[in-house]
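Written below as structure tokens is the structure these notes are about.
The values are calculated or read from the model by the stated rules, or taken from the named source; none is laboratory data. Worth saying up front: this structure is predicted, and the values here are computed from it rather than measured. Cβ sites come from the backbone with ideal geometry, for glycine too, and all protein chains shown count toward neighbours.
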Amino acid sequence: MLTADQLQISARSKSLPGADYLPLEGQGLSAALRWIPCHEAEQGNGQAELRIQNCGAEPWEGVLRIQLTLPAKEPRFFLPGFLYGRNRGEAPLNIPRKFPRLRREEPDFPASSWWMVRSDQLSHPAAFLYEDGMVYGLAAQPFLEHRDGALVQTLSPKGPFRFGGFCCSLEEDQASVGYTLGYENAPWLFIQSTRIEERKPLGEDNCICLAPGEQAVVRLELISFPAENETGFYTALERVYGRYHQSPRTVGGPETAIRNLSQAVYQYAWLPEERCYSGFVREDGAGGFTYNKIHSLTWTNGLTVAVPLLMAADTGGDEQMRAQALTFIEDSVAHCMNLASGLPFETRWQGNWSEKGWWYDGMHTGGHSGYLIGQAVYYLLKAYEYEKNARGCAHEDWLDFARRVLERVQRERNSEGEYPFALSAENGAGLEYDSMGGAWCLAAWADYCRLTGRRDVLPQLEESEGHYYRKYVARAECYGGPLDTDKAVDNEAVLAYIRAVCQLHRITGESVYLAHMRDALSYEFSFKFCYNVPVQTPPLSEVGWSSCGGSITSTANPHIHPMSSTILGELQYYVDQTGDDYVKSRLEDTLLWGCQTYNTRDGEYGYGKTGWMSERFCYGQGLLVERYPDGSPASTWFALMPWAACSVLEGLVDVSEGGQAARCAAASDPI
């Protein structure tokens, strides 16, 4: 049971620049604490109300820190969207991509035994730790404003406000999670993996100010309950969501978004001479456009663009859009195979297919990518099913292509049933593992089995599913999705697993897959904002943009991108099977977020045409690297990025009436 004396209160004064956090005594501050027990039926131990008063004759400026401190041997921490477990602090640090790590033993950059962050770096206003069968944590409103003569917390600032913060610490025999009034980004602020700032002195931006006699009134929710493993974090997060949820704004509807997004990509991103979509489309300032092609088979371009467009074209009856998407798919199937490895090349440069995409030099092992191979086959099968059901067109060469690739990659699973992260371009052998990105191969196999009725590989798929669940999902630490993050804990990798268990449930009907799917969805939700951040940087700060429903990319890339919108169909499937109100609310958040996060009119986001959408939405201090002409930072990229637009498009089409009909046509019988 938690008790009030486990809360430690300290402060760092702006007037003492050389000092760190010290007891309130001696700084002219006093604290009074009132403990409010929870009802026995609730999970948790209660709420603590603190009143911290400036008893001095001068204003006090600084940061107040309140920590829940516990004895702990091997705690795992969860600051949602920012830190999971130790953020792979157990892995080697000397890698090109730097991101926050947590280590106890003589840590070296970029690892530390403690972290402090501004509140908007977390997707939920809460911090947790798991230790020896127990989940502990605290939650609190993330912002502060002066009201009625006191400094109080708020979720929806009405006037000038200050940010709060969250923190964690790992010491020799104890651990803590905490909340701050005011904030610090310490010991470092990661703007991006190649741009990292040292801890700054306390200043006007991050301090609170208490006038003589003024109080800061703080209410914390203290959480403590038994859990079999780290999935207890998901239970705690669901409770926090219920307390702090704010819906995204409503702008238009799915039908309008489907039309706007698909038309924008169809009209502006297609390069007919090269039979592909451009990765970036920018205005050149003279009425024309420039293109950064990034020709990929999938992931940041390619099939993740063509397949949603194919589906949207059929939904809207646009034959030219359909023909455009089919051109890319058929050209890729006909020419991308690497005969030496028996696996598809992932990129094309100057007319030649290759495994050396834009991500290649950031990898530790060259070759093919299990993530991209599995994803390519998955999307090809999705296109096959849609064409078969909606059009009566059987592309048997697509199905044969998928079979050959899947059978080849199946031989390279390791002894745990994990698919490779990297495979040899010379002979297809598995070269590197320890990554959840290969779960795309599992998703593709499960979809192939559902579509064809093939069952001989099901025992192997079930073995692989169990491995991915135990190693990654049950430990709330999925990594190895994006190829450019050095296997930082991320949000992308779990999306493949969600698709895989969804298909396995459709095949077998076994309840274990719904249970595992719920945990995987809960992990994804931990990256998904539950409330709307008051963004400080234009254009997002000027258009009313909502963060709720958008998911942080990874612990190495602190921004929102729209890949989580691709699983709206899987979310709908889970809700249809279970009637789960929590997942239903998260589905609604994701759908509404996608309908309001692109140009609904020309120039709405400071650039581009109707339907244009980038992949980058900077809700806080991370990844503010795009610039306006005057040099000031921008909170989004000024470019149409087709894969991003088509991530939203895919999800919306999947849950539209036409998409549902085409998907469900083969729900029972193999094609």
TODO: Only one of these is farther than 22 Å from LEU591 by Cα and of a type outside the set (Ser, Thr, Tyr): VAL543, VAL473. Name it.
DONE: VAL473
Open item on the list: Take MET321 and tell me if it is buried (at least 24 other Cβ atoms within 10 Å of the Cβ) and aliphatic (A, V, I, L, M).
Closed with: no
Task: Hits in segment 102-161 (condition: in contact with a Lys or Arg (Cβ under 9 Å, 6 or more places away or on another chain), outside any strand (DSSP E or B), polar (S, T, N, Q) and within 30 Å of CYS55 (Cβ to Cβ)) - done: GLN141
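In segment 496-518, how many residues are in a helix (DSSP H, G or I) and either of a type outside the set (A, V, I, L, M, F, W, C) or within 20 Å of ARG88 (Cα to Cα) (or both)? Outline the logic, then answer.
At the first step, the residues of segment 496-518 found to be in a helix (DSSP H, G or I) are 496-508, 511-518.
Right, trim to either of a type outside the set (A, V, I, L, M, F, W, C) or within 20 Å of ARG88 (Cα to Cα) (or both) and you get 497, 499, 503, 505-506, 508, 511, 513, 516, 518.
Qualifying residue count, segment 496-518: 10.
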Task: Residue satisfying condition, being among the aliphatic types (A, V, I, L, M) and touching a Phe, Trp or Tyr at 6+ places or on another chain (Cβ under 6 Å), within set LEU423, LEU406, LEU442 - done: LEU406
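With the structure loaded, tell me whether ILE552 is buried (at least 24 other Cβ atoms within 10 Å of the Cβ), under 9 Å from the mean Cα position of the chain (by Cα), farther than 17 Å from PHE78 by Cβ and among the hydrophobic types (A, V, I, L, M, F, W, C) or whether it fails that test.
No.
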- [ ] Evaluate the following for ASP490: is it at pLDDT below 95 and assigned by TED's automatic domain parsing to the domain that holds ASP400?
- [x] no
TODO: Could you please let me know if ASP519 is at pLDDT below 95, touching a helix residue (DSSP H, G or I) at 6+ places or on another chain (Cβ under 8 Å) and not assigned by TED's automatic domain parsing to the domain that holds PRO157?
DONE: no
Task: Count - residues of segment 493-512 that are surrounded by fewer than 18 Cβ atoms within 10 Å (Cβ to Cβ) and either among the small types (Gly, Ala, Ser) or not assigned by TED's automatic domain parsing to the domain that holds CYS441 (or both) - done: 2
Task: Residues that are basic (Lys, Arg) and closer than 26 Å to THR485 by Cβ, drawn from segment 400-425 - done: ARG413
- [ ] Could you check, for segment 292-313, whether at least one of its residues is surrounded by fewer than 21 Cβ atoms within 10 Å (Cβ to Cβ) and part of a strand (DSSP E or B)?
- [x] yes
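Listed here are the residues, each with its yes/no results for (1) of a type in the set (Gly, Ala, Ser); (2) surrounded by fewer than 23 Cβ atoms within 10 Å (Cβ to Cβ).
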| residue | (1), (2) |
| --- | --- |
| SER585 | yes, yes |
| TRP593 | no, no |
| MET613 | no, no |
| TYR628 | no, yes |
Open item on the list: Against the condition touching a residue at least 60 places away in the same chain (Cβ under 8 Å), β-branched (Val, Ile, Thr) and touching a strand residue (DSSP E or B) at 6+ places or on another chain (Cβ under 9 Å), how does THR452 come out, does it pass?
Closed with: no
Open item on the list: Out of TYR183, TYR179, I need the residue that is under 30 Å from GLU131 (Cα atoms), of a type outside the set (D, E, K, R) and assigned to a loop (DSSP other than H, G, I, E, B). Which one?
Closed with: TYR183
Open item on the list: Being touching a helix residue (DSSP H, G or I) at 6+ places or on another chain (Cβ under 6 Å) and either polar (S, T, N, Q) or part of a helix (DSSP H, G or I) (or both) is the filter here; which residues of segment 251-276 pass it?
Closed with: PRO254, ALA257, ILE258, LEU261, SER262, VAL265, TYR266
Task: Selection from segment 387-424 of residues that are within 30 Å of ALA325 (Cα to Cα), under 30 Å from the mean Cα position of the chain (by Cα) and in a loop (DSSP other than H, G, I, E, B) - done: TYR419, PRO420, PHE421, SER424
TODO: Restricting attention to strands (runs of 3 or more DSSP E) lying wholly within segment 1-76, give those where 3 or more residues are of a type outside the set (S, T, N, Q), modelled with pLDDT of 95 or more and closer than 23 Å to LEU170 by Cα.
DONE: 7-13, 60-71
TODO: State yes or no: is THR327 surrounded by fewer than 24 Cβ atoms within 10 Å (Cβ to Cβ), modelled with pLDDT under 95 and either outside the structural domain of PHE280 (by TED's automatic domain parsing) or β-branched (Val, Ile, Thr) (or both)?
DONE: no
Open item on the list: Looking at SER647 and the list (1) surrounded by 23 or more Cβ atoms within 10 Å (Cβ to Cβ); (2) assigned to a loop (DSSP other than H, G, I, E, B), which single condition is not satisfied?
Closed with: (2)
Task: Residues of segment 201-221 that turn out to be part of a loop (DSSP other than H, G, I, E, B) and over 28 Å from the mean Cα position of the chain (by Cα), as a count - done: 9
Open item on the list: Let me confirm something: among GLY579, GLY608, which residue is on the phi > 0 side of the Ramachandran plot, in contact (Cβ under 8 Å) with a residue 24 or more places away in the chain and outside the structural domain of SER119 (by TED's automatic domain parsing)?
Closed with: GLY608
- [ ] Quick one: in segment 1-18, of everything that is of a type in the set (A, V, I, L, M) and without any contact (Cβ under 8 Å) to a residue 60 or more places away in the chain, which residue is surrounded by the most Cβ atoms within 10 Å (Cβ to Cβ)?
- [x] ALA11
Task: Close pairs (9 angstrom Cβ cut-off, 6 or more residues apart or separate chains): of a type in the set (Phe, Trp, Tyr) in segment 19-48, in a loop (DSSP other than H, G, I, E, B) and at pLDDT below 95 anywhere - done: TRP35/THR3
TODO: Could you give me the residue pairs with C-beta distances under 9 Å whose first residue belongs to segment 177-204 and is within 18 Å of PRO96 (Cβ to Cβ) and in contact (Cβ under 8 Å) with a residue 40 or more places away in the chain, whose second residue is in a strand (DSSP E or B) and β-branched (Val, Ile, Thr) wherever it lies, and which are 6+ apart or on separate chains?
DONE: TRP188/ILE196; PHE190/ILE196
Task: Residue, surrounded by the fewest Cβ atoms within 10 Å (Cβ to Cβ), within segment 392-436, restricted to residues that are in contact (Cβ under 8 Å) with a residue 40 or more places away in the chain and among the polar types (S, T, N, Q) - done: ASN427
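Matching residues to (1) farther than 23 Å from ALA556 by Cβ; (2) assigned by TED's automatic domain parsing to the domain that holds ASP486; (3) acidic (Asp, Glu); (4) out of contact with any Phe, Trp or Tyr (no Cβ under 6 Å at 6 or more places or on another chain):
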residue: LEU189; (1), (2), (3), (4): no, no, no, yes
residue: GLU197; (1), (2), (3), (4): no, no, yes, yes
residue: LEU202; (1), (2), (3), (4): yes, no, no, yes
residue: GLU214; (1), (2), (3), (4): yes, no, yes, yes
residue: GLU221; (1), (2), (3), (4): yes, no, yes, yes
residue: GLU230; (1), (2), (3), (4): no, no, yes, no
TODO: For ALA383, indicate whether it is in contact with a strand residue (DSSP E or B) (Cβ under 8 Å, 6 or more places away or on another chain), closer than 18 Å to PRO308 by Cα and either assigned to a helix (DSSP H, G or I) or at pLDDT below 95 (or both).
DONE: no
